[in-house]
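Note sheet for the following structure.
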Amino acid sequence: MNIDLLKDRITKDLKDSYITEAGGDFFFLYGADDRFPFATIVTADNDFDAISHLNREGVFRLSIGVGKESFKDLFGNLPSRPGIGGFVESGPDFTALDTLMPHPIYGNMYWVCVLNPTEATVDRIWPYLEEAYRLAVQKDEKVSGKGKA
């Protein structure tokens, strides 16, 4: 699935979500909090994160901030926190395409990722995108007071 189709699906299917772009990367947000996305698409390596070799032609990484239980169901125990410039020591090949894995930097914060997901993979991981979105909605409601009766 290409980036444009993925962006369209996320923003159309996850009501009131929106995208902020910075440096060619895309941050999927909900509500007033424009600092903490529920998902991202990163399109290139940077000084802090080059482990996935995103500078390869056409390679991008979809990352999703899931809940603790989903992360543990997928990967078991939480990986240790990497040091500055380090990455999560969790075993996968972080350059592998179309493979769901812990995020190489933010895995210890329950983020998962997949490089260049196919449409079938997006369908398979869609419940995790919905979960990340629900967590963002809940956070926004809590902060704004909208969730109170």
Next item on the list: For the chain, set up a Gaussian network in which alpha carbons nearer than 10 Å are linked by springs, and say which option among Gly76, Gly67, Gly107 fluctuates the most.
Entry: Gly76
Check: Extension gain Thr99-Lys139, at 0.36 nm per residue separation less the Cα-Cα distance, in nm?
Finding: 11.5 nm
Check: For the range 1-72, what is the Kirkwood hydrodynamic radius in Å, using each pair of distinct C-alpha atoms?
Finding: 13.2
Next item on the list: Quickly work out the Asp33-to-Ala50 label distance, labels modelled 7 Å from Cα along the C-beta direction, and quote it in nm with one decimal.
Entry: 3.2
Item checked: the chain - Kirkwood radius from inverse mean 1/r over Cα pairs (Å) -> 15.7
Check: Given 0.36 nm per residue, what is the gain on full extension from Glu21 to Glu130 after removing their alpha carbon distance, in nm?
Finding: 37.2 nm
Check: How would you rank 22-31, 109-118, highest first, on the average number of other Cβ atoms within 10 Å across their residues?
Finding: 109-118, 22-31
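Readers should treat all values here as calculations from the given coordinates under stated rules, not as data from a laboratory. Computed from a prediction, not measured in an experiment: that's the story for all the values here. Note: ideal-geometry Cβ built from the backbone for every residue, glycine included; neighbour counts use all protein chains shown.
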